[in-house]
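**Q** Have a look at this one before I ask anything.
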Amino acid sequence: MANSTSGQEKKSYLYFPGCTMQATGIAYGESVRTLFRLLGLQVEELEDWNCCGATSYMSIDERAAFVLSARNLSLARQAGPRDLVVPCTACFLMLRKTQEYVRQYPSIRQEVEGALKQAGIPPMGPVRVRHPLDVLYSDVGVEQIRAKATRRWHGGRLACYYGCQALRPYAEADQAYNPMRMDELLQAVGVTTVDFPLKTKCCGGSLTGTIHPVGVRLNYIILKEVARRGAQAVATMCSLCQFNLDAYQSEMREEAHEVFDVPILYFTQILGWALGGDFRSLGLHRGIAGRNLIGQWFTTPKEVEAYV
């Protein structure tokens, strides 16, 4: 179990939202900011950040992808000696991959540093890139989360789904194949989590937009196991996983002739709610599936009318 920072000065962090936190993952960004505020953690958005270079950039032009990430890392270095908090797991992986490839491969380092120099940008330098799960577990700690909770969970059992990008190959947010930090944090505020063996199985990522039937099938396998394990909802730490598992349930219902109406929640939404966060400030009104359960678990009578 992690040690808390109780009695110590609260750390200040830089925050890299990435493109997704402005679009399909907006609820994640809202809940991260709200939760950090409730914990008294100081967060400053990285000024003039750009796309990290993940997804299509890496497939089409690896050099351009590395340079895009390197620019963000250079900006973070110039902003001061603070850790860079990155909620999006694709961004987290891309930034970390850029750091490691520049360190390991002289040819990539030469290209990246040359591109930055041509643009008048200083070298990226050492910056610690961190996922919110690691910050909450390692810097705040399970006991501090438990102590600060103002609400106790009265909802159903949850399956914690970690996905793959924040854990492999850089097992820094948690263990690569049997992560438990999200479980521990949620259990601290009274949530019952189930044993979920598919917790790190890939959801298919962007396959839902390229080879659609394969992507939907991979998501179906995960949700089918959620039901088998007796969970009523999923807690995740990845915006792409959340979108895939949430957005395609109606399609799964039609194809598999099975009832899927499972809330797909960010773990930061649940923790933020437990610490007294407002329903809308946590983005809980943005979910697609399982809206009835979300309404039952998270809203007061006044909020129900506005939510429905």
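The values are calculated or read from the model by the stated rules, or taken from the named source; none is laboratory data. Bear in mind that the values here come from a model prediction, so they are computed numbers and not experimental data. A quick note on method: Cβ atoms are made from the backbone with ideal geometry, for glycine too, and the neighbour counts reach across all protein chains shown.
**Q** Could you tell me whether segment 137-148 includes any residue that is surrounded by fewer than 17 Cβ atoms within 10 Å (Cβ to Cβ) and at pLDDT below 95?
**A** No, that holds for no residue.
**Q** Are any of the residues in segment 255-265 buried (at least 20 other Cβ atoms within 10 Å of the Cβ), touching a strand residue (DSSP E or B) at 6+ places or on another chain (Cβ under 8 Å), of a type outside the set (Val, Ile, Thr) and under 20 Å from Phe36 (Cα atoms)?
**A** The answer is yes; a qualifying residue exists.
**Q** Please determine, by comparing only the residues of segment 52-81 that are surrounded by fewer than 19 Cβ atoms within 10 Å (Cβ to Cβ), touching a residue at least 40 places away in the same chain (Cβ under 8 Å) and charged (D, E, K, R), which one is nearest to Ile108 (Cα to Cα).
**A** Out of the qualifying residues, it is Arg63.
**Q** Hey, another quick one. Which residue pairs have Cβ atoms under 9 Å apart, sit 6 or more places apart or on different chains, and have a first residue in segment 178-202 that is closer than 27 Å to Val216 by Cβ and in the same structural domain as Ile221 (by TED's automatic domain parsing) and a second that is part of a loop (DSSP other than H, G, I, E, B) and of a type in the set (Asp, Glu)?
**A** Every condition considered, the pairs that remain are Met182/Asp174.
**Q** So, Gly209, is that one of a type in the set (Gly, Ala, Ser) and without any contact (Cβ under 8 Å) to a residue 40 or more places away in the chain or not?
**A** Considered against the rule, which asks whether it is of a type in the set (Gly, Ala, Ser) and without any contact (Cβ under 8 Å) to a residue 40 or more places away in the chain, Gly209 comes out as yes.
**Q** Give segment 152-167 a look and list any residue that's at negative phi, out of contact with any Pro (no Cβ under 7 Å at 6 or more places or on another chain) and surrounded by 14 or more Cβ atoms within 10 Å (Cβ to Cβ), or say none.
**A** Of everything in segment 152-167, those that are at negative phi, out of contact with any Pro (no Cβ under 7 Å at 6 or more places or on another chain) and surrounded by 14 or more Cβ atoms within 10 Å (Cβ to Cβ) turn out to be Trp153, Gly155, Gly156, Arg157, Leu158, Ala159, Cys160, Tyr161, Cys164, Gln165, Ala166.
**Q** Can I ask one more? Residue check: is Ser31 at pLDDT 95 or above, touching a Cys at 6+ places or on another chain (Cβ under 7 Å), of a type in the set (Ser, Thr, Tyr) and not assigned by TED's automatic domain parsing to the domain that holds Ala173?
**A** Against the criterion (at pLDDT 95 or above, touching a Cys at 6+ places or on another chain (Cβ under 7 Å), of a type in the set (Ser, Thr, Tyr) and not assigned by TED's automatic domain parsing to the domain that holds Ala173), Ser31 does not qualify.
**Q** Out of curiosity, is Pro122 in the same structural domain as Leu218 (by TED's automatic domain parsing) and more than 17 Å from Val32 (Cα to Cα)?
**A** no
**Q** Tell me, which residue of segment 221-248 that is assigned to a helix (DSSP H, G or I) and either in contact with a Pro (Cβ under 6 Å, 6 or more places away or on another chain) or among the charged types (D, E, K, R) (or both) is surrounded by the most Cβ atoms within 10 Å (Cβ to Cβ)?
**A** Asp246
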